[in-house]
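The values are calculated or read from the model by the stated rules, or taken from the named source; none is laboratory data. What you see is a predicted model, and the numbers here were worked out from it, not measured in a lab. Cβ: placed from backbone, ideal geometry, glycine included. Neighbour counts: every protein chain shown.
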Ligand SMILES: NC(=O)c1ccc[n+]([C@@H]2O[C@H](COP(=O)([O-])OP(=O)(O)OC[C@H]3O[C@@H](n4cnc5c(N)ncnc54)[C@H](O)[C@@H]3O)[C@@H](O)[C@H]2O)c1
């Protein structure tokens with residue numbers, strides 16, 4: 001029988017509910033500790049999920065020293081990710097942390113370096129790429145039917161009334177949400193960011209204190225251009241949370257609404273100067289170990305892959321050393337919006 005991995009969770013707010021609902025279905029992991037600076041939050045989750053054997057505390061260092069877990073699940077507010085992850089690595093733990101990896105590129109680099117030095121697995125929850133529908137699109141692109149991708153466009157238009165911290169947050173759309181969309185662009189294209197120009201603004205009628213709309217043009221490796229248009233205060237005709245996409249390749253194009261609707265056309269030949277296209281069938285989504293579950297928002301896939309990689313010493317798809325490239329797109333876009341200049345993206 002497989003020995004269970006022993007886990008401590010740090011941060012027991014909203015997202016811990018999603019995580020614990022996944023973890024309770026996994027036979028190979030045991031929650032041995034719950035930490036939150038608000039002890040009532042940690043205790044509440046322990047009671048809710050019947051974790052009678054798990055310790056509850058407010059001090060992560062103390063918990064790690066006493067419980068000596070194999071893994072730490074880090075889901076505090078973004079400003080605390082840096083301290084939590086460094087502490088976990090220093091105690092010899094593997095770490096799976098919520099997005100965004102860090103609150104600055106300097107912190108992110110330090111965390112990635114610390115994980116490499118410790119020889120531990122450190123991955124980030126980039127759950128939306130574990131949705132079977134995006135994996136369906138990626139599989140089709142990889143199959144080569146569109147030829148070489150040259151252009152990637154996406155629209156993200158919603159108007160959620162969150163209330164709370166997001167209404168007061170600077171760069172709310174880019175910092176809190178666009179990391180998912182930028183990571184999806186990297187996933188769909190297989191390309192990495194090279195440079196970005198971004199314009200950010202707060203449209204009339206916005207209920208946010210700071211800019212909640214942005215347009216960004218990314219130059220990606222291989223000469224691909226990725227454009228992002230997004231708003232969190234666009235009334236009516238919402239897109240999906242996954243964005244509305246158009247992928248253009250040398251041999252065809254694909255449109256995907258971020259949900260179940262997609263269409264593709266490929267070039268079949270020329271009749272004189274007229275190009276002839278045919279509708280291309282995109283094979284259905286395959287539920288595999290990584291993407292079996294849409295309902296949990298993909299958390300089930302990321303968590304399962306992380307635990308498997310800890311056991312096998314493989315590298316998870318969302319390893320921090322790779323995910324830092326998606327984070328660099330966020331901070332590059334913010335720098336461009338603040339300076340009004342095109343920014344070279346350095347990892
Ligand atoms: N993947 C997704 O789809 C998704 C969705 C929402 C939020 N998130 C991310 O999840 C993380 C947590 O978000 P949330 O909605 O649960 O926030 P939350 O505010 O509900 O909970 C955060 C918890 O962390 C605790 N905390 C803060 N600093 C701490 C520290 N130093 N040590 C221990 N506990 C500490 C707080 O007391 C709070 O209980 C954020 O990084 C957020 O961006 C991800």
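If I filter region 32-58 down to residues being farther than 20 Å from residue 83 by Cβ and within 13 Å of the ligand (Cβ to nearest atom), which single residue comes out as surrounded by the most Cβ atoms within 10 Å (Cβ to Cβ)?
So, considering only residues that are farther than 20 Å from residue 83 by Cβ and within 13 Å of the ligand (Cβ to nearest atom), the one surrounded by the most Cβ atoms within 10 Å (Cβ to Cβ) is 45.
Return the residue satisfying two criteria in turn: it lies in region 252-261 and is touching a residue at least 24 places away in the same chain (Cβ under 8 Å) and not in a strand (DSSP E or B), and of such residues it is surrounded by the most Cβ atoms within 10 Å (Cβ to Cβ). Spell out how you get there, then give the answer.
Of the residues in region 252-261, the ones touching a residue at least 24 places away in the same chain (Cβ under 8 Å) are 252-254, 256, 258-260.
From what's left, not in a strand (DSSP E or B): 258-260.
Working: 258: 23, 259: 14, 260: 10.
Restricting to residues being touching a residue at least 24 places away in the same chain (Cβ under 8 Å) and not in a strand (DSSP E or B), the top hit is 258.
Identify, from the list 287, 337, 300, 264, the residue that is within 15 Å of the ligand (Cβ to nearest atom), on the phi < 0 side of the Ramachandran plot and either assigned to a loop (DSSP other than H, G, I, E, B) or crowded, with 18+ Cβ neighbours inside 10 Å (or both). Break it down stepwise before answering.
Numbers: 287 fails: within 15 Å of the ligand (Cβ to nearest atom); 337 fails: within 15 Å of the ligand (Cβ to nearest atom); 264 fails: within 15 Å of the ligand (Cβ to nearest atom).
Testing whether each residue is within 15 Å of the ligand (Cβ to nearest atom), on the phi < 0 side of the Ramachandran plot and either assigned to a loop (DSSP other than H, G, I, E, B) or crowded, with 18+ Cβ neighbours inside 10 Å (or both) leaves just 300.
What about residue 239, is it closer than 30 Å to residue 213 by Cβ, touching a strand residue (DSSP E or B) at 6+ places or on another chain (Cβ under 6 Å) and modelled with pLDDT of 95 or more?
Numbers: closer than 30 Å to residue 213 by Cβ: yes; touching a strand residue (DSSP E or B) at 6+ places or on another chain (Cβ under 6 Å): yes; modelled with pLDDT of 95 or more: yes.
Yes, satisfied.
What are the residues in region 62-119 that are within 9 Å of the ligand (Cβ to nearest atom) and touching a strand residue (DSSP E or B) at 6+ places or on another chain (Cβ under 7 Å), if any?
Of everything in region 62-119, those that are within 9 Å of the ligand (Cβ to nearest atom) and touching a strand residue (DSSP E or B) at 6+ places or on another chain (Cβ under 7 Å) turn out to be 74, 75, 76, 81, 84, 97, 98, 99.
Residue under question is residue 109, and the condition is that it be at pLDDT 95 or above, assigned to a helix (DSSP H, G or I) and under 24 Å from the mean Cα position of the chain (by Cα); does it hold? First the steps, then the outcome.
Values: at pLDDT 95 or above: yes; assigned to a helix (DSSP H, G or I): yes; under 24 Å from the mean Cα position of the chain (by Cα): yes.
Here the answer is yes, as residue 109 does meet what is asked.
Looking at region 137-166, I want the residues that are under 16 Å from residue 240 (Cα atoms) and have a partner that is in a helix (DSSP H, G or I) with Cβ atoms under 6 Å, at least 6 apart or on another chain. Which pairs are those?
156/181
Could you list, in sequence order, the residues of region 142-157 that are closer than 14 Å to residue 280 by Cα and buried (at least 20 other Cβ atoms within 10 Å of the Cβ)?
Initial filter on region 142-157 (closer than 14 Å to residue 280 by Cα): 143-147.
Within region 142-157, 146 is the sole residue that qualifies.
Could you look through region 120-141, keep only residues that are more than 16 Å from the ligand (Cβ to nearest atom) and assigned to a loop (DSSP other than H, G, I, E, B), and pick out the one that is surrounded by the most Cβ atoms within 10 Å (Cβ to Cβ)?
Within region 120-141, the match that is surrounded by the most Cβ atoms within 10 Å (Cβ to Cβ) is 121.
Just checking, does region 242-251 include any residue being under 30 Å from residue 112 (Cα atoms) and in contact (Cβ under 8 Å) with a residue 60 or more places away in the chain?
Going residue by residue through region 242-251, those that are under 30 Å from residue 112 (Cα atoms) are 242-243.
This time we only want the ones that are in contact (Cβ under 8 Å) with a residue 60 or more places away in the chain, so: 242-243.
Checked region 242-251: at least one residue is under 30 Å from residue 112 (Cα atoms) and in contact (Cβ under 8 Å) with a residue 60 or more places away in the chain.
Do you know which residues across region 7-31 are touching a residue at least 40 places away in the same chain (Cβ under 8 Å), buried (at least 17 other Cβ atoms within 10 Å of the Cβ) and either over 22 Å from the mean Cα position of the chain (by Cα) or more than 10 Å from the ligand (Cβ to nearest atom) (or both)?
Result: 7, 8, 22, 23, 29.
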